[in-house]
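Some notes on the structure that comes next.
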Amino acid sequence: MSNTKVDFAGVAFKNPVVLASGTCGFGREFGGIFDIEKLGGISSKGLTLCARDGNEGIRIWETPSGIMNSVGMENPGVHSFAEQDLEWINSLNLVNIVNVGGHCCEDYLEAVEYLNQFLVDFIELNISCPNVKSGGMNFGIKTEVAREIVREVRKLCKHRLTIKLSPNAEDIVSLAEMCEAEGADGISMVNTFLALAIDIKKKKPVFNNVYAGLSGPAIKPVALRMVNQVAKRVRIPIMGMGGIASWMDAIEFIMAGATVIQVGTASFIKPDMGLAIAEGIRNYMESNKIYDLKEIRGII
Amino acid sequence: MGKIIWNRQLSKDFFLMKAEEKNNAEMGQFYMLRAWDKFPVLSRPISIFDRDEESVVFLYKAIGEGTERFTKLKEGDEITLEGPHGNTFPKIEGRIALVGGGVGIAPFYLTAKTLKEYNPGSVVDVYLGFSDTALLEKEYKEVADEVHINVGGYIIEDIDPNRYDYVLTCGPMIMMRLLYQKCKDTRAGIYVSMENRLACGVGACLVCTCKTSGGNKKVCKDGPVFPGEEVFGIE
């Protein structure tokens, strides 16, 4: 009898499928469409200390095999989240991952400190936010810039901490090694790829912010390679993501070294894609006589 | 998953398509449609033109890769319908103008029908603007009191808002904005149906956010129908 249960940094997931941050709100919307409690967990919409209205202009653009988005972290802020949504999320039989971003070190720290008082399974630290103090380059590009934020957050954060890495990092392996050295409990990877679309009729970028984040099946092989490279170098577990749109993709990520996988863009293909992936993983395990996913984790 | 009952070309790029779907959809709502596996990634939000308990009719314009694929669908082909999504036009009565531009005419067939059923004493006039070819005039005449058609011009020039208690509109932003301005100092209350780009269709992803006087709203879930002053009153 196969068991899809996985342990990630001491937390049991009933299966390794998590809905990725930014694609599922706080779970309520998809919860009305399918039984989200059949998933392993949910990563919240990215939260910042204060509410943010997000970006102006077009926010979504379809590409061959993917989408680009420029939502700009529209969110109600951590206080509103804690008051309005946290209790509901915690009432679900799901691992509760709270994604936190910021635009300066103080914002991250204040948000994380505030969340210390609440029941949360993981803080997923999004270091792909523009760093206002360093001219807008995001925190997650340079290992030494990211180190500062990870170190300070680690000191303050009482929850388990997973760091969400940007594939736009100069050296994603060194970034992951730094996270482990600074005491992170896990790695979430990868966020969206910085990309560009141009409206050739208007002779202007599609997005007001010029560049936007590419996700979806288009990025899967690159994300998979990055997960594999990092998995070979760190001991902390990895939540792998990047274009996963089938159970076969999920198995690939697990074989590449991921413990948990996150499904994002694919939920727009089919709202209950995460569920189909969880079922597909179980069927694959049974037909291949795999009792525990650790038998195939990181075999590549 | 539903099956196509028929799919008819109305003009160069406008199509009317009926699909099997048990539903209790209401005027102004939409479905996310897809007739392919994973690519294109996104489903297409399409307004409900008409419905009964067993089926839904969609009016769509072939403008890109997804809608082009819809044009190829034949009787018996399968289509995925997620919905109905979004809010509805308000159940109002009195003298009502329904103003659609281009594919924005789509919701007003069911809307006219519903409002006349709701109160047969209401006057429901339809104004349809097209860039080159008039469509569905006979069908709209069956459900509305008057049907005004404008081809190649500006449909909003044909409306006198003072004749109406309510104006409901759907179409290009510029048309809805000008109509709001035309209505705002009259007795007519105006509702607009927004057509932002969507991804999830259920309010989870925030790519369709619309700024309103009540803060950011999700077009797919809080809308697509908003009081005109909520959207254009803040500009």
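The values are calculated or read from the model by the stated rules, or taken from the named source; none is laboratory data. Note that the structure is a prediction, hence the values are computed from the model and not measured. With ideal geometry, Cβ positions are generated from the backbone for all residues, glycine too; neighbour counts draw on all protein chains shown. All accessible areas refer to the heavy atoms of the entire protein, side chains included, with ligands and DNA or RNA removed. Shrake-Rupley method; radii C 1.70, N 1.55, O 1.52, S 1.80 Å.
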- Query: Of everything in the range A:46-72 that's among the small types (G, A, S) and without any contact (Cβ under 8 Å) to a residue 40 or more places away in the chain, which residue is nearest to the other protein chains (Cβ to nearest Cβ)?
  - Reply: A:G54
- Message: With the requirement that a residue be touching an Asp or Glu at 6+ places or on another chain (Cβ under 7 Å) and not in a loop (DSSP other than H, G, I, E, B), what does the range B:194-224 give you?
- Response: B:T209, B:T212, B:N216
- Message: When you check B:C205 against the structure, is it closer than 20 Å to B:T88 by Cβ, out of contact with any strand residue (DSSP E or B) (no Cβ under 7 Å at 6 or more places or on another chain) and crowded, with 17+ Cβ neighbours inside 10 Å, yes or no?
- Response: no
- Item | Residue list for the range A:146-156, restricted to those being in contact with a strand residue (DSSP E or B) (Cβ under 9 Å, 6 or more places away or on another chain) and open to solvent by 10 Å² or more (accessible area, probe 1.4 Å) | A:R154
- Select from the range B:161-188 the residues that are farther than 21 Å from B:P224 by Cβ, open to solvent by 70 Å² or more (accessible area, probe 1.4 Å) and outside any helix (DSSP H, G or I) and list them in ascending order. B:D185, B:R187
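Quick check on A:I244: is it part of a loop (DSSP other than H, G, I, E, B), within 14 Å of chain B (Cβ to nearest Cβ), modelled with pLDDT of 95 or more and touching a strand residue (DSSP E or B) at 6+ places or on another chain (Cβ under 7 Å)?
On the way: part of a loop (DSSP other than H, G, I, E, B): yes; within 14 Å of chain B (Cβ to nearest Cβ): yes; modelled with pLDDT of 95 or more: yes; touching a strand residue (DSSP E or B) at 6+ places or on another chain (Cβ under 7 Å): yes.
For A:I244, the condition - part of a loop (DSSP other than H, G, I, E, B), within 14 Å of chain B (Cβ to nearest Cβ), modelled with pLDDT of 95 or more and touching a strand residue (DSSP E or B) at 6+ places or on another chain (Cβ under 7 Å) - is met.
Quick one: would you say B:S11 is under 14 Å from the mean Cα position of the chain (by Cα) and either over 23 Å from A:M68 (Cβ atoms) or assigned to a strand (DSSP E or B) (or both)?
On the way: under 14 Å from the mean Cα position of the chain (by Cα): no; either over 23 Å from A:M68 (Cβ atoms) or assigned to a strand (DSSP E or B) (or both): yes.
Against the criterion (under 14 Å from the mean Cα position of the chain (by Cα) and either over 23 Å from A:M68 (Cβ atoms) or assigned to a strand (DSSP E or B) (or both)), B:S11 does not qualify.
For the range A:185-205, enumerate the residues that are in contact (Cβ under 8 Å) with a residue 24 or more places away in the chain and either in a strand (DSSP E or B) or crowded, with 24+ Cβ neighbours inside 10 Å (or both). Can you show your working first?
Taking the range A:185-205 and keeping what is in contact (Cβ under 8 Å) with a residue 24 or more places away in the chain, we get A:185-195, A:197.
Across the range A:185-205, the qualifying residues are A:G186, A:I187, A:S188, A:M189, A:V190, A:N191, A:T192, A:F193, A:L194, A:A195.
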- Message: Return the pair list, or none, for Cβ contacts closer than 7 Å from residues in the range B:94-123 that are closer than 19 Å to B:R163 by Cβ and without any contact (Cβ under 8 Å) to a residue 12 or more places away in the chain to residues that are hydroxyl-bearing (S, T, Y) and surrounded by fewer than 18 Cβ atoms within 10 Å (Cβ to Cβ), at least 6 apart or on different chains.
- Response: none
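For the range B:88-107, does any single residue satisfy the condition of being in a loop (DSSP other than H, G, I, E, B), at pLDDT 95 or above and within 14 Å of chain A (Cβ to nearest Cβ)?
There is no residue in the range B:88-107 that is in a loop (DSSP other than H, G, I, E, B), at pLDDT 95 or above and within 14 Å of chain A (Cβ to nearest Cβ).
When you scan the range B:210-224, how many residues do you find that are buried (at least 22 other Cβ atoms within 10 Å of the Cβ) and within 13 Å of chain A (Cβ to nearest Cβ)? Steps first, answer last, please.
Pass one, the range B:210-224, residues buried (at least 22 other Cβ atoms within 10 Å of the Cβ): B:218-220, B:223-224.
Next, only the ones that are within 13 Å of chain A (Cβ to nearest Cβ) stay: B:218-220.
Counting residues in the range B:210-224 that are buried (at least 22 other Cβ atoms within 10 Å of the Cβ) and within 13 Å of chain A (Cβ to nearest Cβ) gives 3.
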- Note on the structure: Going through the range B:43-55 in order, the residues found to be surrounded by fewer than 23 Cβ atoms within 10 Å (Cβ to Cβ) and closer than 27 Å to A:T265 by Cα are B:R44
- Task: Determine the pairs where a residue that is more than 7 Å from every other protein chain (Cβ to nearest Cβ), located within the range B:197-209, has a partner that is surrounded by 24 or more Cβ atoms within 10 Å (Cβ to Cβ) and of a type in the set (F, W, Y) with Cβ atoms under 9 Å apart, the partner being 6 or more residues away or on another chain.
- Result: B:L198/B:F30; B:G201/A:F268; B:G201/B:F30; B:G201/B:Y31
- Message: Looking at the range A:243-300 only, could you name the residues that are surrounded by fewer than 19 Cβ atoms within 10 Å (Cβ to Cβ) and on the phi > 0 side of the Ramachandran plot?
- Response: A:K289, A:G298
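Considering A:R147, A:R160, which residue is in contact with a Phe, Trp or Tyr (Cβ under 6 Å, 6 or more places away or on another chain) and touching a residue at least 12 places away in the same chain (Cβ under 8 Å)? Can you show your working first?
Working: A:R147 fails: in contact with a Phe, Trp or Tyr (Cβ under 6 Å, 6 or more places away or on another chain).
Answer to the check: A:R160.
Quick check, is A:I277 of a type in the set (A, V, I, L, M), more than 25 Å from A:A176 (Cα to Cα) and free of Cβ contacts under 8 Å to residues at least 60 places away in the same chain?
It is false that A:I277 is of a type in the set (A, V, I, L, M), more than 25 Å from A:A176 (Cα to Cα) and free of Cβ contacts under 8 Å to residues at least 60 places away in the same chain.
What residue, of A:I251, A:I269, is more than 17 Å from the chain's Cα centre (by Cα) and within 14 Å of chain B (Cβ to nearest Cβ)? Spell out how you get there, then give the answer.
On the way: A:I251 fails: within 14 Å of chain B (Cβ to nearest Cβ).
The match here is A:I269.
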- Item | Evaluation of A:S21 against (1) within 20 Å of A:A245 (Cβ to Cβ); (2) more than 14 Å from chain B (Cβ to nearest Cβ) (one fails), failing number | (2)
- Any residue in the range B:125-139 that is in contact with a Ser or Thr (Cβ under 8 Å, 6 or more places away or on another chain) and in a strand (DSSP E or B)? no
